[in-house]
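Here is the structure we will look at.
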Amino acid sequence: GKLADAGGRRLACGPMRLLDRYLLRELLIPLGFCLGGFLIFWVASDLLTQLDDFQAHKLGPLDVAEYYLVKSPEFLAIVLPLALLLALLYALTNHARHHEISAMRAAGISLWRLALPYFAVGLLGSLGLFYLNEYCAPDSEERAERIRNRYKTGSEKQPERDLVRNLGFTNAREGRTWHIGLYNTRTCEMLDPQVAYSLPDGSRRWLFAARGLRTNDLWVFLEVNEYKDDPHANSFLVPARRTNALVMEQFTETPEQIRSEINISRRLTLRSARKADIPVPQILDYLRLHPQLERADYTWLHTKLHGRLAAPWTCLVVVLIAIPFGAASGRRNVFFGVAGSVFICFAYFVLLQFGLAFGTGGHLPPWFAAWFPNLAFGLTGAWLTARVR
């Protein structure tokens, strides 16, 4: 009896594995064509507008290819959900038109089980989208600009791009206030840094230096003059130490945290129209430096954080939306399912932008503003899938 059960399970699993491979193949081929087509169209249209600029910067064919390779993650992060949607609709309507889905369901295979390979692709797409958003896309514009200017010499290289003047920020968690006359974001070098900090006994120190360097994950200051407050003296500050070099192990601010301070402070000032454009690590670094924020800044940053976390799951939402429209096409015009699905996805992205706008403006809770479109459309897609006959 046990052998018969085991043999039956093997016979049942074998066809399902073949079916899963078949469904995946029929999905991945159009997905590859969609992504490739979008990339070719984007590169061709952008190349036509920038060809003269590339020639002016003396870029060769290999340089141009590297330029678009560096910029492609940002573009792929935008078009991946749309490409997945179109590929799913093509695959599902093609199966439905040839009555393959009806035959599979007549054999006792539920629509949810048939959709399992699609959900696996959606999950992998969500993980890939998160990786592109967080680790590839944020620096793509800067790296592409370096490729564009790689053959410029001297003052033509525009070194100002890496320099930040009069940078000031406060580490509220550890009670340190920084002011840097000139900071190089690429080399982490400082000119005229000034740091006010507290000692364990509650007294304050003011550090003035000519330069600051990052060495072995520690801040090293050169030509240092340090002052302290003395309540018994007539002057507010009295000299405490003077040295040529000083290593400050207690200064835990990292270059990544300083970069997040620069990027987010600019966006807090400008209130950028892009609603979820700051990588998660930078938001978390900023929140670590500023545990107590004003309400407007708190809602703005937390909406961006939740929006950044919710965005990759668009791929799974797309799967839930596409299944009921593609699988239920039957003998109807296949463009009915395509048009309905595209319209719903358009409504999804519009609702997403409105939600993030209301969240950053403080009119909705940050988590609700970012996650409501995913929950609403995902549950709607699941409900429609359950009603497919």
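Numbers at a glance
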{"item": "Nearest 10 degrees, 0 to 90: helix 334-360 Cα axis against the chain principal axis", "result": "20"}
{"item": "Percent RCO, i.e. relative contact order, over the stretch 141-227, from Cα pairs under 8 Å lying at least 6 residues apart", "result": "17"}
{"item": "Length-normalised contact order of the stretch 42-165 in % [C-alpha pairs under 8 Å, at least 6 apart]", "result": "49"}
{"item": "Cα→Cβ-extended label distance, 7 Å offset, between L191 and D217, nm", "result": "3.0"}
{"item": "Degrees between helix 366-386 axis and first principal axis of the chain (Cα, 0 to 90, nearest 10)", "result": "10"}
{"item": "Potential extension, N225-T243 segment - 0.36 nm per residue separation minus Cα distance", "result": "5.8 nm"}
{"item": "Potential extension, V350-Q250 segment - 0.36 nm per residue separation minus Cα distance", "result": "31.3 nm"}
{"item": "The stretch 74-165, accessible surface, carbon-and-sulfur percent (1.4 angstrom probe)", "result": "60"}
{"item": "Rounded, prolate or oblate (a/c below 1.5 giving rounded, otherwise prolate when a/b exceeds b/c) for the stretch 97-195 by Cα gyration tensor", "result": "oblate"}
{"item": "Rg(Cα)/(2.2 N^0.38 Å) for the chain, N = residue count", "result": "1.32"}
{"item": "Value of Rg/Rh across the stretch 167-222 [Cα atoms, Kirkwood radius]", "result": "0.98"}
{"item": "Solvent-accessible area per residue, Å², over the chain with all protein chains present [probe radius 1.4 Å]", "result": "55"}
{"item": "Where only alpha carbons of the stretch 67-113 are counted, the Rg and the Dmax (Å)", "result": "16.6, 52"}
{"item": "Centroid-to-centroid separation of the stretch 122-142 and the stretch 21-61 [C-alpha atoms, Å]", "result": "17"}
{"item": "Per-pair calculated FRET efficiency, R0 = 45 Å: H363 and I109 via Cβ, rounded to 0.05", "result": "0.45"}
{"item": "In sequence order, calculated HN-Hα J values of the stretch 128-140 (Karplus, 6.51, -1.76, 1.60; Hz; x Gly/Pro)", "result": "x, 5, 4, 5, 4, 5, 8, 10, 10, 5, x, 9, 5"}
{"item": "The stretch 29-106 shape via C-alpha gyration tensor axes, a/c threshold 1.5", "result": "prolate"}
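The values are calculated or read from the model by the stated rules, or taken from the named source; none is laboratory data. Remember, it's a predicted structure, so these values are computed and weren't measured experimentally. Reconstructed Cβ throughout: ideal geometry from the backbone, glycine too, with neighbour counts over all protein chains shown. The area values use the complete protein model at the heavy-atom level, side chains included, leaving out ligands, DNA and RNA. Shrake-Rupley method; radii C 1.70, N 1.55, O 1.52, S 1.80 Å.
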